[in-house]
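Worksheet for the structure shown next.
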Amino acid sequence: MGRGDFRSLYATSECPLDTNPRTTFWKEAPVISADRDSFGHPVAIATTIRSRWTDNNLFVLFECVFETLYLKPAPRRYGKTWGLWNWDVVELFIGDDWEHIEHYKEFELSPQGEWLDLAIDRTPPDLERNREWTSGFETAAQIDSSQGIWYGAMRVPFAAITETAVAEGKTFRANLYRMEGPPGRRKFVAWRETNSDNFHVPSAFGNLVLTL
């Protein structure tokens, strides 16, 4: 495994989606840290990420230490929340087209459980298709105010991100991000730095590798 690899550990059966990193399901998963901004400079907010996979789904858990939360009023959890990236949010960008790397999927989740899924095409962006595409992914979120941590979990159907069979060793192109705080004091966190103010830099993606 290289420095730019994120290992996802196989689980033999589907598991109810939960946000507790101490359950057996999550505790066995490899952990990576997103501790840099998009230019590679260290950031003070700690973010750890775990992943598991089953025959049908990819699971990702974010654990986000916070001081304050910047949340959208009147959250809407049953349907896409457009513009969710303007609030506290975590994001998974993932693609399986190695020839056209500008094609990938984006999954967002807020501390309140709001979500957004998008089909991205950077040549050129097709916003109407992005708005209409649905992945069928599921989310769960929990805020632990006493510990200053919020948790966000995603279950993404493989059918939404690949047209080929999944097995040990299959590798996706991926990056993971977090945004926190209001305008003017906004913090940006990336697993793999993009060297840009924009997260949409597919050439900077690392590898998400399915392992046993």
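The values are calculated or read from the model by the stated rules, or taken from the named source; none is laboratory data. Bear in mind that the values here come from a model prediction, so they are computed numbers and not experimental data. Here the Cβ is made from the backbone with ideal geometry for all residues, glycine too, and neighbour counts use every protein chain on show. Heads up: the accessible areas ignore ligands, DNA and RNA and are worked out on the full protein's heavy atoms, side chains in. Shrake-Rupley method; radii C 1.70, N 1.55, O 1.52, S 1.80 Å.
The figures follow:
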quantity: Qualifying positions in region 199-212 - closer than 17 Å to V90 by Cβ and open to solvent by 10 Å² or more (accessible area, probe 1.4 Å); calculated: F199, H200, F205
quantity: When residues of region 45-62 are limited to those that are out of contact with any helix residue (DSSP H, G or I) (no Cβ under 9 Å at 6 or more places or on another chain) and not polar (S, T, N, Q), the one most open to solvent (accessible area, probe 1.4 Å); calculated: A46
quantity: Scan of region 18-42 for residues that are open to solvent by less than 40 Å² (accessible area, probe 1.4 Å) and among the aliphatic types (A, V, I, L, M), ordered by number; calculated: A29, I32, A34
quantity: Boolean, W85 is outside any loop (DSSP other than H, G, I, E, B) and open to solvent by 40 Å² or more (accessible area, probe 1.4 Å); calculated: yes
quantity: A190 being of a type outside the set (S, T, N, Q) and surrounded by fewer than 20 Cβ atoms within 10 Å (Cβ to Cβ); calculated: no
quantity: Among (1) part of a strand (DSSP E or B); (2) open to solvent by 40 Å² or more (accessible area, probe 1.4 Å); (3) among the polar types (S, T, N, Q) - the single one S8 does not satisfy; calculated: (2)
quantity: Residue that is nearest to Y104 (Cα to Cα), among those in region 154-165 that are open to solvent by less than 30 Å² (accessible area, probe 1.4 Å) and part of a helix (DSSP H, G or I); calculated: A160
quantity: Boolean, T23 is β-branched (V, I, T) and without any contact (Cβ under 8 Å) to a residue 24 or more places away in the chain; calculated: yes
quantity: Criterion (on the phi < 0 side of the Ramachandran plot and without any contact (Cβ under 8 Å) to a residue 40 or more places away in the chain) met by exactly one of E138, E193, E106; calculated: E106
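Residue-by-condition table, conditions (1) open to solvent by less than 40 Å² (accessible area, probe 1.4 Å); (2) at pLDDT 95 or above; (3) in a loop (DSSP other than H, G, I, E, B):
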site	(1), (2), (3)
G152	yes, yes, no
A167	no, yes, yes
M179	yes, yes, no
G184	no, no, yes
S196	yes, no, yes
